[in-house]
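Undergrad: Let me begin by handing over the structure; questions about it come next.
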Amino acid sequence: MIELTFLNEDALSLFAQDFALALKAGDCIALEGDLGAGKSTFARAVIRAAYGDFDKKIEVPSPTFTLVQLYDSAPAIAHFDLYRIADADELDELGLDAALENGAALIEWPSRAADALPADLILIRITETHEDPDTRLMSIEGNEDFLARLERSMAIRAFLGESGFGQTDRHAFPGDASARNYEFIHHKAGEAPLILMDAPKLPQEPALYDGLTYKQIVHLSEEVSAFVAVSEMLRHEGFSTPIIYAQDLPKGLLLIENLGEGKIVTDDNIPIRDRYLASVEILADIHGKNWKGRWELPGGQTHIVPRYDARAMRTGLSLLPDWWGKENGLSVALRDELYLLWEPIFKRFQSGYDDLIIRDFHSPNIIWRGDKTGNDRIGIIDHQDALIGPGAYDVAALMQDARTIVAPELQAEILDTYCARRRRQSGFNESQSRLDVATLGAFRSSRLLGLWVRLDVRDGKHRFRNYEAPTRAYLAQSLAHPDLAELRAWYVKAGVIDA
């Protein structure tokens with residue numbers, strides 16, 4: 001059970017933001033309390049917080065007469081008032097099951113339909129005190145999963161307080177395919193909000209090989225220290241990454257700069273040529289630096305940027321046969337042949353390649369800052385999984401962005417721009433670099449084809465299936481390089497691409 005005291009309505013409304021950030025689809029919240037205790041006040045504050053409406057501009061009418069009001073907030077919320085129902089069966093007509101399938105439910109006067117409510121509901125009691133008419137006492141009990149989420153949200157509020165931002169407004173914004181959560185922190189009127197990164201260390205996944213998990217083998221970061229280190233490494237060399245204003249590394253919490261909302265694609269998700277070319281120039285400059293691959297963090301901790309070693313590459317490739325292949329009936333013989341073809345390629349990339357690879361350098365993670373000049377025009381985020389190895393991987397990631405359609409003509413121009421920029425640097429081998437981009441583009445697309453299936457089948461993230469067709473098209477384009485004819489023959493034979 002969680003027990004809280006609120007000295008005034010402002011304090012209750014601030015907590016409603018913390019509460020709203022803990023909500024997800026399926027949460028059923030039962031609000032109990034006498035008339036005037038503050039049930040409706042709290043429900044309205046939660047709904048407004050879910051919208052990010054801190055100025056109370058959104059109308060939130062009482063459902064006293066309608067019995068239910070629906071809100072397309074994030075998450076969606078259904079606000080019920082059951083005071084006037086005559087029988088618990090009326091909940092079926094009011095659509096509680098559908099509301100919980102699509103979002104969360106806030107229910108006032110839940111005792112009117114107690115037997116019809118879910119067994120795992122969250123019960124909130126709000127009571128007044130005799131000493132102070134403005135003070136409210138709140139107890140929260142029930143669903144342990146929700147209580148854990150709420151406690152995490154309250155810990156974030158405590159972190160903000162320790163950092164001098166305890167009274168700021170906060171609300172969520174969509175993240176990526178990872179388990180990280182993000183929030184906007186509105187610290188000052190008229191200024192862009194800061195960003196709160198919530199990245200708790202997750203329970204270990206099952207081990208794959210030698211006691212290591214998939215994430216550990218392919219070097220996906222498991223702690224926010226990696227983000228801090230890579231961000232500071234890049235910024236030290238003159239590239240634009242978020243300034244980190246506050247951090248709690250053990251808890252996985254960072255308060256960082258908001259680099260803006262500028263994109264390198266249009267609102268219709270069409271690549272903007274000049275911004276893509278500016279982005280690849282940044283890559284050329286990053287790949288022209290000599291990176292030590294280590295950074296000292298506060299408290300004596302050192303982050304070592306891992307190498308993109310052959311085992312990590314092979315495990316990444318395994319997503320194709322393990323997920324796409326399983327779904328499409330790939331034979332054991334073809335699976336073995338695939339690894340035999342790629343093994344010497346992976347081995348080749350283990351020596352002579354010491355670039356800093358951002359790894360996820362594509363449109364969602366590139367911020368366009370048109371009011372800046374030079375390298376400052378491109379803001380780099382989501383870089384915590386950086387590696388040391390062939391930088392051509394990042395060029396392929398930019399050219400072959402599954403979230404949009406980069407036309408072959410623009411792909412060619414991106415690669416030409418990259419090579420032209422790299423020619424200024426000593427030791428650049430253009431023909432080898434062009435082959436590397438094609439090879440790593442094929443490798444990356446192979447891995448992604450398996451990943452899209454895994455995200456759909458295992459994780460229930462069905463929207464990623466939309467990226468399958470463009471990924472297959474990019475794969476075919478990469479394999480068109482004349483030096484990759486043997487690889488291309490396998491992908492045609494396996495039915496991954498058309499002949």
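The values are calculated or read from the model by the stated rules, or taken from the named source; none is laboratory data. Just so it is clear, the model here is predicted, and its values are computed rather than measured. Note: ideal-geometry Cβ built from the backbone for every residue, glycine included; neighbour counts use all protein chains shown. All accessible areas refer to the heavy atoms of the entire protein, side chains included, with ligands and DNA or RNA removed. Shrake-Rupley method; radii C 1.70, N 1.55, O 1.52, S 1.80 Å.
Undergrad: When residue 221 is evaluated against the numbered criteria (1) crowded, with 16+ Cβ neighbours inside 10 Å; (2) polar (S, T, N, Q); (3) outside any helix (DSSP H, G or I); (4) more than 20 Å from the chain's Cα centre (by Cα), which criterion, by number, is the only one it fails?
TA: (4)
Undergrad: Pick from the stretch 304-333 the residues that are in a loop (DSSP other than H, G, I, E, B) and over 28 Å from residue 351 (Cβ atoms): which of them is least open to solvent (accessible area, probe 1.4 Å)? Even if it seems obvious, please write down each step before you answer.
TA: Pass one, the stretch 304-333, residues in a loop (DSSP other than H, G, I, E, B): 305-306, 308-309, 318, 328-331.
Keeping just the survivors that are over 28 Å from residue 351 (Cβ atoms) gives 328-331.
On the way: 328: 84, 329: 64, 330: 34, 331: 50 Å².
So the residue we want is 330.
Undergrad: Please go through the stretch 117-148 and give me each residue that is more than 17 Å from residue 9 (Cβ to Cβ) and open to solvent by less than 50 Å² (accessible area, probe 1.4 Å), ordered by number.
TA: 117, 118, 121, 122, 123, 139, 140, 142, 143, 146, 147
Undergrad: Further question on the same structure: Scan 160, 202 and give me the residue that is among the aliphatic types (A, V, I, L, M) and under 17 Å from the mean Cα position of the chain (by Cα).
TA: Values: 160 fails: under 17 Å from the mean Cα position of the chain (by Cα).
Sole residue among the options that is among the aliphatic types (A, V, I, L, M) and under 17 Å from the mean Cα position of the chain (by Cα): 202.
Undergrad: Still on this structure, please answer the following. Need the failing condition index for residue 405 against (1) buried (at least 18 other Cβ atoms within 10 Å of the Cβ); (2) in contact with a Pro (Cβ under 9 Å, 6 or more places away or on another chain); (3) closer than 23 Å to residue 469 by Cα, just the number.
TA: So the condition that residue 405 fails would be (1).
Undergrad: List, please: which pairs have Cβ atoms under 7 Å, are six or more places apart or on different chains, and start with a residue in the stretch 232-259 that is closer than 25 Å to residue 152 by Cβ and end with one that is open to solvent by 30 Å² or more (accessible area, probe 1.4 Å) and part of a helix (DSSP H, G or I)?
TA: Filtered contacts from the stretch 232-259: 251/155.
Undergrad: Something else now. Filter the stretch 33-71 down to residues that are surrounded by 13 or more Cβ atoms within 10 Å (Cβ to Cβ) and over 17 Å from residue 84 (Cβ atoms), then give me how many there are.
TA: Total satisfying the criteria: 20.
Undergrad: Right, something else. Every residue in the stretch 477-489 that is out of contact with any Gly (no Cβ under 6 Å at 6 or more places or on another chain) and surrounded by 17 or more Cβ atoms within 10 Å (Cβ to Cβ), please. Give the steps one after another, and end with the answer.
TA: First, pick out the residues of the stretch 477-489 that are out of contact with any Gly (no Cβ under 6 Å at 6 or more places or on another chain): 477, 479-489.
The answer is 477, 479, 481, 484, 487, 488.
Undergrad: If you take the residues of the stretch 340-365 that are among the polar types (S, T, N, Q) and closer than 21 Å to residue 404 by Cβ, which of them is surrounded by the fewest Cβ atoms within 10 Å (Cβ to Cβ)?
TA: Step one: filter the stretch 340-365 for residues among the polar types (S, T, N, Q), giving 350-351, 363, 365.
Then drop every residue that is not closer than 21 Å to residue 404 by Cβ, which leaves 363, 365.
On the way: 363: 22, 365: 17.
Looking at residues that are among the polar types (S, T, N, Q) and closer than 21 Å to residue 404 by Cβ, I get 365.
Undergrad: If you don't mind, another one. I'd like to know if the stretch 204-217 contains one or more residues that are open to solvent by less than 10 Å² (accessible area, probe 1.4 Å), in contact (Cβ under 8 Å) with a residue 24 or more places away in the chain, in contact with a helix residue (DSSP H, G or I) (Cβ under 6 Å, 6 or more places away or on another chain) and not in a helix (DSSP H, G or I).
TA: Narrowing the stretch 204-217 to residues open to solvent by less than 10 Å² (accessible area, probe 1.4 Å): 213, 217.
From what's left, in contact (Cβ under 8 Å) with a residue 24 or more places away in the chain: 217.
Within this subset, residues satisfying the condition of being in contact with a helix residue (DSSP H, G or I) (Cβ under 6 Å, 6 or more places away or on another chain) are 217.
Now drop any that are not not in a helix (DSSP H, G or I), which leaves none.
So far as the stretch 204-217 goes, no, none of its residues is open to solvent by less than 10 Å² (accessible area, probe 1.4 Å), in contact (Cβ under 8 Å) with a residue 24 or more places away in the chain, in contact with a helix residue (DSSP H, G or I) (Cβ under 6 Å, 6 or more places away or on another chain) and not in a helix (DSSP H, G or I).
Undergrad: Pick from the stretch 233-266 the residues that are closer than 19 Å to residue 371 by Cβ and over 18 Å from the mean Cα position of the chain (by Cα): which of them is surrounded by the most Cβ atoms within 10 Å (Cβ to Cβ)? Outline the logic, then answer.
TA: So the first thing to find is which residues in the stretch 233-266 are closer than 19 Å to residue 371 by Cβ, and the list is 235, 238-243, 257-266.
Next, from what is left, pick out any that are over 18 Å from the mean Cα position of the chain (by Cα): 235, 238-240, 243, 264-266.
On the way: 235: 15, 238: 12, 239: 21, 240: 21, 243: 14, 264: 24, 265: 20, 266: 11.
The residue in question is 264.
Undergrad: Which condition number in (1) of a type outside the set (Lys, Arg); (2) over 27 Å from the mean Cα position of the chain (by Cα); (3) assigned to a strand (DSSP E or B) is the one that residue 104 fails?
TA: (2)
Undergrad: If you scan the stretch 366-397, which residues turn out to be open to solvent by less than 10 Å² (accessible area, probe 1.4 Å), more than 19 Å from residue 291 (Cβ to Cβ) and touching a strand residue (DSSP E or B) at 6+ places or on another chain (Cβ under 8 Å)?
TA: Result: 366, 379.
Undergrad: Related question: Could you list, in sequence order, the residues of the stretch 5-32 that are under 19 Å from residue 81 (Cα atoms), of a type outside the set (A, V, I, L, M, F, W, C) and open to solvent by less than 20 Å² (accessible area, probe 1.4 Å)?
TA: Answer for the stretch 5-32, where residues must be under 19 Å from residue 81 (Cα atoms), of a type outside the set (A, V, I, L, M, F, W, C) and open to solvent by less than 20 Å² (accessible area, probe 1.4 Å): just 27.
Undergrad: Are any residues in the stretch 281-293 in contact with a helix residue (DSSP H, G or I) (Cβ under 8 Å, 6 or more places away or on another chain) and more than 28 Å from residue 344 (Cβ to Cβ), and if so, which ones?
TA: Across the stretch 281-293, the qualifying residues are 281, 282, 285.
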